[in-house]
Amino acid sequence: MSSFYTRYKTQSQSSTSKERIIVSKEDWQSRIAEMQIDRDDLNRLVMDYLVIEGFKDSAQNFARESGLTPTVDLDSIEYRMGIKNAIQRGDVDEAISKVNDLNPEILDQNPDLFFHLQQQRMIEYIRHGQIAEALAFAQQELAPRGEENPVFLSELERTMALLAFDTSLSGNGSIPTNNPNAPPPHIQELLLPAQRQRTAGQLNSAILTSQSHGKDPKLPNLLRMMIWGDSLLSARADFYKPDLSDLLNRTEAGSSNTLPTEPPPAHSTAHGETESGMMVL
């Protein structure tokens, strides 16, 4: 694919600024079809995305239909997602217990992660109005770590600031905008779902790293590179541009979903596409 983009970029650079290369949709698609791309590489790219984002059933179906051998035990996906989901529903104790059962070295080797898990535990105390428990936990668990690390101390101070404000949540889990005693935005964000998602994402990445697997899926980065390449060519040439932005948004959404939603069970169709939308190449 890169050689194809390079070919048209070279042609366009050789033209004057007033001349534009015109490439028809048919020519563009014909040249794309001529590119020699390893199907196993593309299938591994899809499998990498499914494994990292936690789509166990889809990964199993895709492995069976593509004939690809997964690089990880697919049963481990479900356990990892159970840990991630525990954080996203606020059950930090369960998440820590499961991580230690999986591999106790994960938290021992990631002090930043362990602090953020403990910080999240304190946030959950405050969220549920358990102020005495929050204060005791901060003194026993977080304060000693704050003394050792100025970054931790800053985060601890920001978390403690929640105690100075009314943190009552509305029915949708947010602080009412008409509450005059609500914390400022940079403190209030600790109570938002995005805070749980950040902590869960950090923990998920650490587990993947411990399993010698990449912590970020490669597919979104590849799509970003293709969109960037299209933008460079667009300055000098007119050519068929498939809309990759929507696909990129959907792949990135997998990382921020509270709970990963499995597509319908995949079954082969006449065109090699599964009912879940995955193309076996």
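Would you work out the charge dipole size for the range 103-203 about its Cα centre, treating the Cβ of every Lys and Arg as +1 and the Cβ of every Asp and Glu as -1, and quote it to the nearest 20 debye?
Working: 6 positive and 12 negative charges, 75 e Å.
Using only the charged Cβ atoms, the result is roughly 360 debye.
May I ask you to derive the FRET efficiency for Ser97 and Thr177 from their Cβ-Cβ distance with R0 = 35 Å, giving the value to the nearest 0.05?
My answer for the efficiency is 0.40.
State the extension gain, in nm to one decimal, for the chain segment bounded by Asn249 and Asn149, taking 0.36 nm per residue of separation less the distance between their alpha-carbons. Walk me through the numbers before you get to the answer.
On the way: separation 100, 0.36 × 100 = 36.00 nm, distance 3.64 nm.
Stretched fully, the Asn249-Asn149 segment lengthens by 32.4 nm.
Check cross-link reach from Lys215 to the aspartates and glutamates: straight Cα distance under 12 Å, and skip same-chain residues fewer than eight apart.
Result set, ordered by chain and number: Asp48, Glu53.
Per residue of the range 115-125, in order, report the coupling 6.51 cos²θ - 1.76 cosθ + 1.60 (Karplus, θ = phi - 60°) as ³J(HN,Hα) in whole Hz, putting x for Gly and Pro.
Values, residue by residue: 4, 5, 5, 5, 4, 5, 5, 5, 4, 5, 4 Hz.
Starting from the Cα of Ala194, step 7 Å along the direction of its Cβ; do the same at Lys215; then give the gap between the two resulting points in nm.
Calculated label separation equals 2.0 nm.
May I ask you to evaluate 6.51 cos²θ - 1.76 cosθ + 1.60, the Karplus curve with θ = phi - 60°, for each residue of the range 19-35 and list the ³J(HN,Hα) values in order in whole Hz, giving x for glycine and proline?
Values, residue by residue: 9, 10, 6, 10, 10, 6, 4, 5, 5, 4, 5, 5, 5, 4, 5, 7, 5 Hz.
So if R0 is 35 Å, what FRET efficiency would Asp73 and Arg20 give, r being the distance between their Cβ atoms, rounded to the nearest 0.05? Present the calculation step by step, with values, prior to reporting the outcome.
Details: r = 52 Å, r/R0 = 1.49.
It comes out at approximately 0.10.
Would you mind getting me the FRET efficiency between Asp166 and Lys241? Use the beta-carbon distance for r and R0 = 45 Å, nearest 0.05. Show your work: numbers first, answer last.
Numbers: r = 50 Å, r/R0 = 1.12.
So, using R0 = 45 Å, E works out to roughly 0.35.
Computed from the coordinates by the stated procedures, all read-outs in this text should not be read as laboratory data. Since this is a predicted model, take the numbers as computed values, not measurements. Backbone-built Cβ (ideal geometry, glycine too); neighbour counts: all protein chains shown.
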